[in-house]
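Below is one structure, written out as C-alpha cells, with a few remarks after it.
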Amino acid sequence: MSRTRSSLVRPRWALGVFAYLVSIGLVAAFLVEPTGLSSAATLAAASDPIARADAEGQSLKVADGADAATGRDGFDVVKPKPKPVAASASAPAAGVPDPGTAQAIAYDMVAARGWGQGEFDCLVALWNKESHWNVYAYNSRSGAYGIPQALPGDKMATAGADWATNPATQITWGLGYIAGRYGTPCGAWGHSQSAGWY
C-alpha cells in the first residue's frame, strides 16, 4: 500500500498550535517548582527556628575573615570580606561652575567649609551620579529626593522649610550629612564607588 502525498500534509494551523503549547510549557517549567516542596519548607521555616536555620544554611568564619554559608547540599558559598573604604577618593576635575547654578551654590558652600577644589570635584561626581543636580529628582524605588537624594526627602526640612524646591537648602543639608557621616565629599564619593550608595 503506497501513501499519497496528501496523507503526509499537516493542516496549516497544527504548527501554530504546537508552537503555542511548547511556549506555554516552557513558561510553566520556569514558574513552577518541580518538587512542590518550596511552599511547605517556607511555612515550616517561618514557624520553626531550627527549620529556618536548615533552610537558610549555617554560617561560619574562615581563616581570612570571610563569611561562608554551608547549605544542605554540602557546598560552601564564600562571601568575600568587604574591603575597607578609603578615607578619600579622587574624582574627575569639575572646574568652576557657571554662576547661578546649583553647582555654583555648592562651590561657595564647599569653600566656606574649608574644603578645596578636590572635595568639590568629588561632590560634583557624587551628586551627578545620584541626581544629576536635579532639585526635583525622585527615586520611586527608594523614595530618595532632591540633589543629595535624602531618604526620606523631608529630612531636609531641618535645613529649611523650602527643602522640596530650594537647591541651597538641599545642598546645605547634603553637605551637613556628608560631613557628619563621611567627613568630606571625597569620603562619601569613595564609599559610593565601593558600595554603590552613600
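None of the figures in this text is laboratory data; all of them are computed from the coordinates on show. Every value quoted in this text rests on a predicted model; they were computed, and no experiment measured them. As a convention, Cβ positions derive from the backbone with ideal geometry for all residues, glycine included, and neighbour counts pool all protein chains shown.
Length available on full extension from Ala168 to Asn134: 0.36 nm per residue minus the Cα-Cα distance, which gives 11.0 nm. Could you compute the FRET efficiency for Arg113 and Lys155, with r as their C-beta to C-beta distance and R0 at 25 Å, rounded to 0.05? Result of the calculation: an efficiency of 0.80. The fewest-to-most ranking of Cys122, Cys186 by surrounding Cβ atoms within 10 Å reads Cys186, Cys122.
Label sites at Thr101 and Arg12, each approximated as a point 7 angstrom past Cα along Cα to Cβ, lie 6.1 nm apart.
For segment 102-195, just say rounded, prolate or oblate: build the C-alpha gyration tensor, square-root its eigenvalues into a ≥ b ≥ c, call rounded for a/c under 1.5, and beyond that prolate if a/b exceeds b/c, oblate if not.
Values: a/c = 1.65, a/b = 1.24, b/c = 1.33.
Oblate.
Remark on Ala150: its backbone amide H falls under 5 Å from those of Tyr145, a criterion applied only to residues 5 or more positions apart or on other chains, H modelled at 1.01 Å from N.
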